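To start, the structure itself, in structure tokens.
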Amino acid sequence: MRLKDIRKARGFTQQQVADYIGISQNNYSYWESGKVRIDNESLIKLAQFFDVPVSLLFDNETAQVSPTEVPVFAEIPANTPLNTLAPIQTIEIPANMLISGKYFGLKINDNSMYPEIKSNDIVLIKQQNFIDENNGLYVYTLGTEKAKIRKIEKSPQALTFTPINPEYPPKTYTNTEISNFSILGKVIEIRRTL
């Protein structure tokens, strides 16, 4: 079973998962250690909790986990949940990537991140709502604008949004100036059609 790996990668405690399933933490620990077989109903609940296919819960070294498809969006309006948007296409990712979280793609339609990210590239994004300590490239919405990708640097007093293309100036907002700001995810990979 991959339960422990998936749980740790998602940042949950055994108690949180056990509470969702409706069992004791001790019984859940038996599932992770393989001491007790998991019934089918509980397997379905676990897959729903972690938002992964049931097959991903099993660690079968001889079995190949098939790729899975994630949606690609042309744009993401501010304050719009991803599950309400219609994707323009899908892209394949290895199913085992789902152990660490949910993913989506965004098709780039500007050159603010040129030359690293070009117009018509598809950027694979891991969904998360926070900025890592090492900063990085993130998809975010600010105010009523549609989602953008920028390098975001966080300081105690402000956030700085920096495009890679020098033709676009960076913007810094103090904590009091930021309104309706949300992180949608972190850029993991760029896919380009030649």
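Spot the failing condition for L194; the list is (1) without any contact (Cβ under 8 Å) to a residue 12 or more places away in the chain; (2) buried (at least 18 other Cβ atoms within 10 Å of the Cβ); (3) not β-branched (V, I, T), and only one is missed.
(2) is the only condition that L194 fails.
Tell me the residue from I188, I183, I152 that is surrounded by 12 or more Cβ atoms within 10 Å (Cβ to Cβ), closer than 22 Å to Y103 by Cα and touching a Lys or Arg at 6+ places or on another chain (Cβ under 6 Å), please.
The unique qualifying residue is I188.
Go over the candidates N129, N165, N120, N134 one by one and state the one that is over 30 Å from T68 (Cα atoms) and out of contact with any Cys (no Cβ under 8 Å at 6 or more places or on another chain).
N165 is the lone residue from the list that is over 30 Å from T68 (Cα atoms) and out of contact with any Cys (no Cβ under 8 Å at 6 or more places or on another chain).
If I filter the range 116-134 for residues that are free of Cβ contacts under 8 Å to residues at least 24 places away in the same chain and either more than 25 Å from P87 (Cβ to Cβ) or not assigned by TED's automatic domain parsing to the domain that holds P81 (or both), do I get at least one hit?
Checked against the condition, which is being free of Cβ contacts under 8 Å to residues at least 24 places away in the same chain and either more than 25 Å from P87 (Cβ to Cβ) or not assigned by TED's automatic domain parsing to the domain that holds P81 (or both), the range 116-134 yields at least one hit.
Would you be able to tell me the number of residues in the range 165-194 that are part of a loop (DSSP other than H, G, I, E, B) and closer than 17 Å to K107 by Cα?
Number satisfying all stated conditions: 3.
Could you say which residue among P71, P87 is assigned to a loop (DSSP other than H, G, I, E, B), in contact with a Pro (Cβ under 8 Å, 6 or more places away or on another chain) and modelled with pLDDT of 90 or more?
P87
Give me the residue from the range 1-39 that is among the charged types (D, E, K, R) and assigned to a loop (DSSP other than H, G, I, E, B) and, out of that set, farthest from Y103 (Cα to Cα).
So the residue we want is K35.
If A78 satisfies every condition in (1) free of Cβ contacts under 8 Å to residues at least 24 places away in the same chain; (2) part of a loop (DSSP other than H, G, I, E, B); (3) within 20 Å of the chain's Cα centre (by Cα) but one, which is the exception?
It fails just one condition, (1).
I want to confirm something. Restricting to the range 108-125 and keeping residues that are outside any loop (DSSP other than H, G, I, E, B) and touching a Phe, Trp or Tyr at 6+ places or on another chain (Cβ under 7 Å), which single residue is farthest from Y140 (Cα to Cα)?
Residues of the range 108-125 that are outside any loop (DSSP other than H, G, I, E, B), as a first pass: 122-125.
Now narrow it down to the ones that are touching a Phe, Trp or Tyr at 6+ places or on another chain (Cβ under 7 Å): 124-125.
Values: L124: 14, I125: 11 Å.
Here the residue is L124.
Among the numbered conditions (1) modelled with pLDDT of 95 or more; (2) under 28 Å from Q48 (Cα atoms), tell me where I99 comes up short.
(1)
Restricting the search to the range 100-125, which residues are crowded, with 18+ Cβ neighbours inside 10 Å and within 11 Å of the chain's Cα centre (by Cα)?
G101, Y103, F104, G105, L124, I125 - these are the residues of the range 100-125 that are crowded, with 18+ Cβ neighbours inside 10 Å and within 11 Å of the chain's Cα centre (by Cα).
The values are calculated or read from the model by the stated rules, or taken from the named source; none is laboratory data. Note that the structure is a prediction, hence the values are computed from the model and not measured. Every residue, glycine as well, gets a Cβ built from its backbone with ideal geometry; the counts of neighbours run over all protein chains shown.
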